[in-house]
Amino acid sequence: MIYATTSAAAPPYAATQQGLPHSATQAADWVDKNWANWLAAGLRIVLIVVIAVVLRAVVLRTITRLIERMNRGAEAAAGTTLGGLLVNAERRRQRSAAIGSVLKSVTSFVILGTAALTVLSVLKINLAPLLASAGVAGVAIGFGARNLVTDFLSGVFMILEDQYGVGDVIDAGVASGTVIEVGLRVTKLRGDNGEIWYVRNGEVQRIGNLSQGWATAMVDVQVGAGEDLDRARSVISAVAEGLAKEDPWDEKLWEPVQVLGLESVGVESVVIQTQARTMPGESEAVARELRWRIKKAFDQAGIEITSGSPAAAAQEPGATAAEREPTQVSETPASARPAAAEIPPPSAGER
């Protein structure tokens, strides 16, 4: 009886003892069934990460070598005579560095982003909500930072199209000066007075590059109206020929100096205009040197340089001789004027 009672009281304990091994067995079975999947997923993740890292390193190294080759080509071209005129090594270096930075950033974003999405898909994570959230966040960030995005995209296209570079003198509308640094967001300009302008690339609506291709030096020489113009022309031509034969002006002058003729005619003076095509950025230096030499040559030749107004006085074709001549007003002496008749005062009745 006692044994039966003990047996009747035993089932709860036995059930408890039997439940634990049963749960452990299920866990073990679950691990046995899924460890292979876990191992395969882990190996896939490791393989994806390794491939992404190696691919990114290879692409970045390739971009770096390409940029270095571009810089070596620019330095080699700068060593030649023609290359020194047409190639700015610092400009090419900064341009290639900016392009390389953009390519590296895009490469890293694409490769690492693709690897991250692939890892999440291996982990059986639903990417639809994540992509939707990323899209909404991207739109919000795009609206909030639209000026930054505009500056960045404008800078990329300015660099890729080579609109300007370091050393160029440009007129960006909002500011003008010499470019000292080109960035993806901001361009730095050195003004004529030494100030530095930070111009956002997105604010630039137009760009006038004064340093690409060639430049023009214009020199106006104002002489007296009574001077011999043919003699003045011959003196200017002789000065220009001498300038074109001397160093370093022979490299800075790309075409012979031309005497265009009279720019304006006045009563006391006339203006003779000369023009010279120069290498980019050297027009001001050539113009100053040409003025200096013309002044010295005119002093030696006895040709007077005047400072009167060169504007020609326009005459109406239908005006008479009296209208063309200034009217002279003469005063008659008081003694020669006829005396005014004295008017007697009115009487008392006439008031």
Study note, to complete from the structure: From highest to lowest solvent-accessible area (probe 1.4 Å; ligands, DNA and RNA excluded), 211, 121 read 121, 211
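Residue 253: net charge of surrounding residues, Cβ under 14 Å, Lys/Arg +1, Asp/Glu -1, itself excluded? Can you show the working numbers first?
Numbers: positive: 245, 252, 277, 288, 293; negative: 241, 246, 247, 250, 251, 255, 282, 284, 289.
Within the 14 Å Cβ shell, the charges total -4.
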Check your understanding: Setting aside same-chain residues fewer than 8 positions from residue 296, which lysines have a Cα under 23 Å from its Cα?
Key -> 245, 252
**Study point:** Cα→Cβ-extended label distance, 7 Å offset, between residue 147 and residue 120, nm
**Key:** 3.2
Point to revise | Solvent accessible area, Å² - residue 171, 1.4 Å probe, full protein context | key: 50
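The values are calculated or read from the model by the stated rules, or taken from the named source; none is laboratory data. Source: prediction; values computed, not measured. All Cβ positions, even for glycine, are placed from backbone atoms using ideal geometry, and neighbour counts span all protein chains on display. In case anyone asks, the SASA skips ligands and DNA or RNA and just uses the protein heavy atoms, side chains included. Shrake-Rupley method; radii C 1.70, N 1.55, O 1.52, S 1.80 Å.
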